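The next block holds one structure in the form of structure tokens; read it before the comments.
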Amino acid sequence: MHAKRLLGATVAGLLATAGAVILAGSADAATTLGASAAARDGRVFGTAVAAGKLSDSAYTTILDREFNAVTPENEMKIDATEPQQNVFTYTNADRIVAHAVAAGQKVRGHTLAWHSQQPGWMQSMSGSALRSAMINHITQVMTHFKGKITWWDVVNEAYADSGGGRRSSNLQSTGNDWIEVAFKTARAADPNAKLCYNDYNTDNWSAAKTQGVYSMVKDFKARGVPIDCVGFQTHLTGGSSYPSNYRTTLSSFAALGVDVHITELDITNAPTGAYTSVVNDCLAVARCTDITVWGIRDSDSWRSGESPLLFTSSGAKKAAYTAVLTALNNGTSPTTPTSGPTSGPTSGPTTPPAGSCSASITPGTVWADRYNTSVTVTGSDTWTVVIQITSPQKVSTTWSGTFSWSGGGYTMTVKPNGSGNTFGFTTMTNGNTSARPQITSCTT
């Protein structure tokens with residue numbers, strides 16, 4: 001996201017909490033990211049957009065075909081919209097909004113109050129003068145875009161990378177209530193916009209930073225401070241940085257009564273397993289309504305040297321694109337959290353739709369070089385489940401099912417063998433300790 005900030009790593013994990021996949025055999029698969037997300041209870045699949053690239057037809061062709069939401073990459077940040085105090089400029093931001101409106105895409109406003117990318121005049125301010133300037137900035141910018149922005153990242157990155165406390169910044173120095181003042185100001189400026197807090201390295205539920213943000217949101221909801229959504233940037237450094245408790249993070253925040261958004265997704269080298277896991281985790285939480293990748297092609301990325309996006313620099317679809325679209329089309333049964341955080345698995349569906357079956361993964365014992373997985377099928381006694389294994393992992397042992405193999409041994413097809421609707425297998429990691437099996441279909 002940010003040219004001026006180094007990416008922090010998140011904690012590694014192996015297995016996610018249990019999930020369920022429901023597949024209706026007669027459903028028509030959508031062929032673009034945005035259309036497929038929209039078919040999942042009106043979700044959006046968005047991307048960051050740069051105004052300077054809207055004249056690139058190759059760029060806009062992919063943008064308008066694949067995405068149903070956009071986030072201006074830099075054009076709505078403080079230094080872009082108020083370069084001199086009380087002198088506001090919106091030309092580039094207006095251009096992005098106009099393009100989005102014409103293409104039928106929703107817009108995420110990004111961002112109103114942030115310690116970084118402040119113009120020089122704001123950097124030199126402090127105390128009550130800075131507090132007043134922040135309030136004025138939020139009011140003026142939101143008023144200009146009123147009615148055109150679906151969500152606003154009202155406050156961005158206000159928590160420290162370690163320790164679980166607030167980040168030291170000039171905004172924090174104006175008083176610990178500055179964040180809630182920002183949200184109250186935003187609500188007054190545009191009562192219809194959804195107001196979000198956005199941060200990075202909050203993917204791992206066990207991290208102190210995640211817990212700090214969680215405590216703030218819980219407090220805000222208890223006291224009636226207006227906050228509608230929480231954004232998880234999810235800048236990952238590869239398969240090893242996908243946290244196994246990511247779904248717990250999303251569902252725990254959602255249980256507070258806020259929507260949860262994946263706002264700036266990119267993953268080093270675009271591993272299919274990690275991208276699929278993130279999408280499936282979002283689909284498993286009913287209030288996870290937005291997945292946004294931070295750029296379209298690798299050449300558009302702030303991390304272009306890491307090839308982290310779904311399209312190559314030439315605009316070709318990568319394997320990760322296909323994996324994401326497949327995950328969106330297959331879907332994961334949404335569950336609505338009803339209580340606080342939990343370290344256990346989210347619950348699966350109770351009644352699969354007619355003509356479909358449900359296959360739920362439950363992680364088993366984990367060793368240094370291998371791990372167990374069990375799968376339970378509901379909805380039918382006659383079924384076929386297809387499971388994808390990420391190379392170089394290999395399945396070494398199977399039980400309670402009839403297994404066949406394809407794709408060099410990385411795809412297994414399982415049918416019942418008469419001993420019930422639960423089967424299992426042992427996977428050798430072969431050095432890849434982050435990927436996990438993915439159910440790609442369950443048919444009756």
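The values are calculated or read from the model by the stated rules, or taken from the named source; none is laboratory data. Predicted model only: the values in this text are computed from it and were never measured. The protein model used for the area step is the full one, side chains on, heavy atoms only, and it has no ligands, DNA or RNA in it. Shrake-Rupley method; radii C 1.70, N 1.55, O 1.52, S 1.80 Å.
Over the chain, the hull volume per residue, using the convex hull of the C-alpha atoms, is 134 Å³. Its Cα gyration tensor gives segment 48-105 an equivalent ellipsoid; the semi-axes, largest first and in whole Å, are 24, 10, 9. Each Cα pair under 8 Å and six or more residues apart adds its sequence gap; the mean of these over the residue count of segment 370-420 is a relative contact order of 39 percent.
For the chain, the longest principal axis of the Cα atoms and the long axis of helix 127-144 meet at an angle of about 70 degrees. Report summary: the helix-based calculation at 222 nm, which adds -39500 (n - 2.57) for every DSSP H run with n ≥ 4 and divides by the residues of the chain, gives -8000 deg cm²/dmol. Given a cut-off of 16 Å, what percent of all Cα-Cα pairs of segment 184-229 lie beyond it? Cα-Cα pairs in segment 184-229 separated by more than 16 Å: 45 percent. Residues in the chain average 36 Å² of solvent-accessible surface per residue, probe 1.4 Å, ligands and nucleic acids excluded. Beta bridges assigned by DSSP with both partners in the chain are antiparallel in approximately 55 percent of cases.
Springs between Cα atoms under 10 Å define the GNM used for the chain, and in it the highest mean-square fluctuation of P191, P308, P271 occurs at P191. Report the relative contact order of the chain, percent, no decimals, based on alpha-carbon pairs under 8 angstrom and at least 6 residues apart. Result for the chain is 19 percent.
The ratio of the alpha-carbon radius of gyration of segment 194-294 to the globular-protein estimate 2.2 N^0.38 Å is 1.01. Can you tell me the orientation of helix 208-223 relative to the chain, as the angle in degrees between its alpha-carbon axis and the longest Cα principal axis, to the nearest 10? Roughly 70 degrees, rounded to the nearest 10.
Note on segment 132-229: Kirkwood radius taken over Cα pairs, Stokes-Einstein applied at 4 °C and 1.567 mPa s, translational D equal to 93 µm² s⁻¹. What do you get for the angle between helix 319-330 and the principal long axis of the chain? Use alpha-carbon atoms, 0 to 90 degrees, nearest ten. Compared with the principal axis, the helix lies near 80 degrees. Dividing the Cα radius of gyration of segment 44-181 by 2.2 N^0.38 Å, with N the residue count, gives 1.12.
For the pair segment 162-200 and segment 247-322, the centres of their Cα atoms are 24 angstrom apart. The apolar share of the surface of segment 228-324, taken as the fraction of accessible area on carbon and sulfur atoms (1.4 Å probe, ligands and nucleic acids excluded), comes to 46 percent.
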